[in-house]
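Note sheet for the following structure.
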Amino acid sequence: MNTADAITYAAATAPQGTCYRVLMWEASALSQENREAWSEARRELLSRMRDAGIKGSRGLLGQLEIELKALTVKMIEEPLTKASRAGFSFARVEALGEALRAHDAVLAYRLGTAAAEVLVQLNGEESLDDMLTRWQAATPGMLWCTQPHIQALTAAEGAAWQNESRSDDNEIGTLEYTPAEFHHVTVLLNEAVEALQPAEGKVLVDATLGGGGHTEQLLRAGAEVWGIDQDPTARAAAQARLAEFGDKLHVIAGNFRNAAEMLRKRGVEQVDGLLADIGISSPQVDCAERGFSFLHEGPLDMRMNPAAPRSAADIINTAAESEIADILWQYGEERASRAIARRIVQERSKAPITTTTRLADIIASVLPRKGKQHPATRSFQALRIAVNDELGALEALLQSGLSLLKSGGRFAVITFHSLEDRAVKRYFELVCKPEIDRPEWPAPRPNPAYAARLVYRKPITPAEAELTANPRSRSAKLRVIEKL
Ligand SMILES: C[S@@+](CC[C@H](N)C(=O)[O-])C[C@H]1O[C@@H](n2cnc3c(N)ncnc32)[C@H](O)[C@@H]1O
């Protein structure tokens, strides 16, 4: 089934009163013509939902999209990119059909041709057409179609990817690295976009472009966006996804700690808003080769910027025992930091520690598993923060962010753990206080750092529905200030 047929089909099955059906599509995969058709179908869906008396249909549609995206990740992408190495089973497709029936939902999914070819081989199917026919029969609520993802890559990248993905040993693994397979579920999407008040004529900065989820909505609202990311995979994925916006999007390769300098070099002195969605993206953590996760065997790397000088393996194999212990304690609040550091140093003297799983096993040998959390969770978080100097970069961004904003410009930061949130809270409170007081002073004095007002007194956290659809959002906090 081609894209246009898929859209027509989904729109035709949409209107049935009490239930809502949603077509979800990844814009990056659509040609210009199909994108217009999709926008049209989406508008039509919204108006039908309104006519059917479904209140707040725009938010509801967004919410359903989030849920369906989570479903897609769980039911399709994870099996495709990971479980398929161990054996992709047709039962997965049938389970997806079941889930869609239970949701009374329609889901359109673009399957990369290379991935599809791999699946044809893995499943011993006669041909791609035969496989899709069988899948279509098992999932009446699903619209499968294939697209050659490599169109979104440069010719050289495309050729390299094709060769790799056809090699015998690790086809699916290589697909995880390709921009078209990049899948990050954006957190606090509506809340962050609303906070930045995007509109035609506004210039905004997304300091953590990632997969372009927030930026896409900012661009759709008419704003011009400067997107920064230090990860080349993220930049390529965002560029491919957001190609339709042409020169309204400017992508900068670099660390957001230098945001002000990088923008000024490009002639941008002041902007209307700045967003930072701190931390790592799902593809970074899910991709074994990036070395962020103790769940997948991979090189002990953890660099968001693969060209950065120091990887996790460098720290683990060369840093002093006391430095390792300090990292685990300061950034992971790991109480067994000293014992773990000691064991690491003992083990590395036998052989360098080069894989995620070996390090996880070493940590587990010191710290027996208690409860649901893997014993290496805190140590891996700590190492990641140290490798990427995440707190240092955040502090630099906080210090320079306001200088980049026009009066009335908004500065929005989403954080995922308490160390980051504490830094943002402390800095935002400082710059929003007209006066400061100390017990030893007879009276409060004007605050020289006073330059902004808090837009929300309390941090914004994900709504229940987002938490259910995307458990990774559970620790997210959004704080926003406005420059005076
Ligand atoms: C949570 S993801 C952003 C997701 C994005 N908002 C979206 O909706 O698709 C964070 C991104 O910020 C990038 N990043 C983190 N720290 C950075 C830094 N100091 N400088 C530049 N990019 C950074 C990471 O590489 C990652 O792609």
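Per the conditions (1) crowded, with 17+ Cβ neighbours inside 10 Å; (2) within 16 Å of the ligand (Cβ to nearest atom), the sole criterion not satisfied by Thr356 is (2). Cβ-Cβ contacts under 9 Å between residues 6 or more apart (or on different chains), taken from a first residue in region 242-261 that is in a helix (DSSP H, G or I) to a second residue that is more than 10 Å from the ligand (Cβ to nearest atom) and aromatic (Phe, Trp, Tyr), are listed as Ala259/Trp226. Checking each residue in region 272-301 for being without any contact (Cβ under 8 Å) to a residue 60 or more places away in the chain, out of contact with any Leu (no Cβ under 7 Å at 6 or more places or on another chain) and open to solvent by less than 30 Å² (accessible area, probe 1.4 Å) picks out Gln284, Arg290, Gly298.
Give region 338-361 a look and list any residue that's among the hydroxyl-bearing types (Ser, Thr, Tyr) and either closer than 21 Å to Gly298 by Cβ or in contact with a Ser or Thr (Cβ under 8 Å, 6 or more places away or on another chain) (or both), or say none. Walk me through how you get there before you give the answer.
Going residue by residue through region 338-361, those that are among the hydroxyl-bearing types (Ser, Thr, Tyr) are 349, 354-357.
Listed by number, the residues that qualify are Thr354, Thr355, Thr356, Thr357.
For region 323-330, the condition holds for no residue, the condition being that it is more than 23 Å from Glu395 (Cα to Cα) and either within 13 Å of the ligand (Cβ to nearest atom) or hydrophobic (A, V, I, L, M, F, W, C) (or both).
What number of residues in region 274-300 are part of a strand (DSSP E or B) and within 14 Å of the ligand (Cβ to nearest atom)?
We begin by selecting, within region 274-300, every residue part of a strand (DSSP E or B); these are 274-277, 299.
With the extra rule that they be within 14 Å of the ligand (Cβ to nearest atom), the set shrinks to 274-277.
Residues in region 274-300 being part of a strand (DSSP E or B) and within 14 Å of the ligand (Cβ to nearest atom): 4 in total.
Among all residues of region 236-255, there is none that is in contact with a Pro (Cβ under 7 Å, 6 or more places away or on another chain), closer than 26 Å to Arg303 by Cα, surrounded by 23 or more Cβ atoms within 10 Å (Cβ to Cβ) and not assigned by TED's automatic domain parsing to the domain that holds Ser475. You will find that of Leu430, Leu402, the residue that is more than 16 Å from the ligand (Cβ to nearest atom), over 29 Å from Ile315 (Cα atoms) and buried (at least 18 other Cβ atoms within 10 Å of the Cβ) is Leu402 and no other. Report yes if some residue within region 307-314 is within 16 Å of the ligand (Cβ to nearest atom), open to solvent by less than 60 Å² (accessible area, probe 1.4 Å), of a type in the set (A, V, I, L, M) and modelled with pLDDT under 90; otherwise report no. Yes, that holds for at least one residue.
In the condition set (1) assigned to a helix (DSSP H, G or I); (2) under 30 Å from Asn190 (Cβ atoms); (3) in contact (Cβ under 8 Å) with a residue 12 or more places away in the chain, Phe380 is compliant with all but (2).
Tell me, please, whether a residue that is within 30 Å of Arg457 (Cβ to Cβ), touching a helix residue (DSSP H, G or I) at 6+ places or on another chain (Cβ under 7 Å) and without any contact (Cβ under 8 Å) to a residue 60 or more places away in the chain can be found in region 339-352. First the steps, then the outcome.
So the first thing to find is which residues in region 339-352 are within 30 Å of Arg457 (Cβ to Cβ), and the list is none.
No, there is no match, as no residue in region 339-352 is within 30 Å of Arg457 (Cβ to Cβ), touching a helix residue (DSSP H, G or I) at 6+ places or on another chain (Cβ under 7 Å) and without any contact (Cβ under 8 Å) to a residue 60 or more places away in the chain.
Please enumerate the residues belonging to region 319-334 that are within 29 Å of the chain's Cα centre (by Cα) and open to solvent by less than 70 Å² (accessible area, probe 1.4 Å). Give the derivation first.
Kept after step one, since they are within 29 Å of the chain's Cα centre (by Cα), are these residues of region 319-334: 324, 326-334.
The answer is Ile324, Asp326, Ile327, Leu328, Tyr331, Gly332, Glu334.
Among the residues making up region 223-235, those that are open to solvent by 10 Å² or more (accessible area, probe 1.4 Å) and assigned to a helix (DSSP H, G or I) are Pro232, Thr233, Arg235.
Gly409 meets the conditions (1) in a loop (DSSP other than H, G, I, E, B); (2) under 18 Å from Ala192 (Cα atoms) in every case but one. The failed one is (1).
Checking the conditions here, which among Gly267, Gly222 is without any contact (Cβ under 8 Å) to a residue 12 or more places away in the chain, more than 30 Å from Arg378 (Cβ to Cβ) and more than 15 Å from the ligand (Cβ to nearest atom)? Please lay out each step first, then the result.
Values: Gly222 fails: without any contact (Cβ under 8 Å) to a residue 12 or more places away in the chain.
Among Gly267, Gly222, only Gly267 is without any contact (Cβ under 8 Å) to a residue 12 or more places away in the chain, more than 30 Å from Arg378 (Cβ to Cβ) and more than 15 Å from the ligand (Cβ to nearest atom).
The values are calculated or read from the model by the stated rules, or taken from the named source; none is laboratory data. Just so it is clear, the model here is predicted, and its values are computed rather than measured. All Cβ positions, even for glycine, are placed from backbone atoms using ideal geometry, and neighbour counts span all protein chains on display. Note: accessible area is taken over every heavy atom of the protein model, side chains too, but ligands, DNA and RNA are not part of it. Shrake-Rupley method; radii C 1.70, N 1.55, O 1.52, S 1.80 Å.
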